[in-house]
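*Asks:* This is the structure I have questions about; it appears just below.
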Amino acid sequence: MDASQPANTFALRKLYQPLRVVDVCDALDGIGYFNIGLMSPEVRPLWAGMKFWGVALTVRCVPANRPMWRLQSTEEIVDAHGQWFREVGNLSFQELIRPGHVIVTDTGGSGEVGFWGSNNGLGAIAAGAVGIITDGYCRDTAEIALQKTPICARARGRTIIPGRIEVAEVQCRIGCGGVQVRPGDLVGCDDDGIVVVPQEVAAEVAVHARAILLADMRGRRQLYERLGMPLDETVDYERVEAYYASLE
């Protein structure tokens, strides 16, 4: 599959930034894409308040078919990943990361293995990624929450890569959390979960989702005022309108 991104996919990100996942889900329903892109609720943000919208960079993994060998020194144990990669090879995708990417990882049914952790996760963010999603395990989760590294995972794990998992292919069509994901699809996350927007309808969905969000904000603003509740950013529709006006 051609790994190049559609020319306008990254540009569409700005239309999604204020949106909630639910707004986008409602818009997908509205154009007949019922349940398309709804990732399994088992794949969840690792800390509350996480939100991102970005362009999918896909990684397909498979379980390793050979065990890790006994290492002979503390130095080798510290360098276990290096030992493994030098022996079996390593398909890197770090150089493919562009600002605005969401790295979506299909672990191929691998068992417990922390393919993502606090170190390589932070490295991906430093390279420009705005989020990471895996249908497998993530380790170092206390550090990830402390760092606010935006990672979503199906489970929390403890073990490392050698002898357990290998990268088979990058920038290809994958399945993650019951959803098809391709390079260039729009991917969003917040406390309600994850949605993948097929790139062919991403521009149309953004228009409808924007209207859904603003209608909800105006309606809840009226209820806030009726109940004497202090206003907060979730009902500040003027701010959202100003944001979109600035894009025109």
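*Asks:* Please work out how much length the chain gains when fully extended from ASP232 to VAL78, using 0.36 nm per residue of separation minus the C-alpha to C-alpha distance, in nm with one decimal.
*Replies:* Length gained, ASP232 through VAL78: 50.6 nm.
*Asks:* Pop out the ³J(HN,Hα) list for the range 175-182 in order, Karplus 6.51 cos²θ - 1.76 cosθ + 1.60 with θ = phi - 60°, rounded to Hz; leave Gly and Pro as x.
*Replies:* Once θ is set to phi - 60°, the couplings for the range 175-182 become x, 9, x, x, 10, 6, 10, 10 Hz.
*Asks:* Please compute the net charge surrounding LEU91, taking Lys and Arg as +1 and Asp and Glu as -1 over other residues with Cβ under 9 Å from its Cβ.
*Replies:* Around LEU91, the charge tally is -2.
*Asks:* Now a separate question. Cα atoms only, the range 1-101: Rg and Dmax in Å?
*Replies:* When restricted to Cα atoms, the range 1-101 yields Rg and Dmax of 19.7, 60 Å.
*Asks:* Spin-label point model (7 Å from Cα, Cβ direction): what's the ALA48 to LYS148 distance in nm?
*Replies:* Modelled inter-label distance: 1.6 nm.
*Asks:* So, counting K/R as plus one and D/E as minus one, what does the shell of residues with Cβ under 12 Å around THR134 add up to?
*Replies:* Counting the neighbours of THR134, the net charge comes to +2.
*Asks:* So, by mean Cβ neighbours within 10 angstrom, what's the order for 185-193, 39-47 with the highest one leading?
*Replies:* The most tightly packed comes first, giving 185-193, 39-47.
*Asks:* Next question, about the same structure. Give the share of C-alpha pairs in each 10 angstrom bin for the range 79-167, from 0 to the last occupied bin, in whole percents, shortest bins first.
*Replies:* 17, 51, 31, 1
*Asks:* Alpha carbon centre of the range 36-106 versus the range 121-199: separation in Å?
*Replies:* Taking the Cα centre of the range 121-199 as reference, the centre of the range 36-106 is 8 Å away.
*Asks:* Among PHE115, PHE34, what is the fewest-to-most ranking by other Cβ atoms within 10 Å?
*Replies:* Placing the least packed residue first, the sequence is PHE34, PHE115.
*Asks:* Decide, for the range 140-245, between rounded, prolate and oblate: order the square roots of the alpha carbon gyration tensor eigenvalues as a ≥ b ≥ c, take rounded if a/c falls under 1.5, and otherwise choose prolate if a/b is larger than b/c, else oblate.
*Replies:* Verdict is oblate for the range 140-245.
*Asks:* Here is a follow-up. For the range 157-162, just list the computed ³J(HN,Hα) in residue order, Karplus coefficients 6.51, -1.76 and 1.60, θ = phi - 60°, integers in Hz, with x standing in for Gly and Pro.
*Replies:* 3J(HN,Hα) across the range 157-162, in whole Hz: x, 10, 8, 10, 5, x.
*Asks:* Quick one: if you stick a label point 7 Å off each Cα along the C-beta vector at TYR244 and VAL62, how many nm between them?
*Replies:* 4.6 nm
*Asks:* May I pose another question? In whole Hz and in residue order, list the ³J(HN,Hα) couplings for the range 56-61 that follow from phi through the Karplus curve 6.51 cos²θ - 1.76 cosθ + 1.60, θ = phi - 60°; x for Gly and Pro.
*Replies:* 5, 10, 9, 9, 9, 10
Where a number appears in this text, it was derived from the coordinates with a stated rule and is not lab data. All values reported here derive from a predicted model rather than from experimental measurement. A quick note on method: Cβ atoms are made from the backbone with ideal geometry, for glycine too, and the neighbour counts reach across all protein chains shown.
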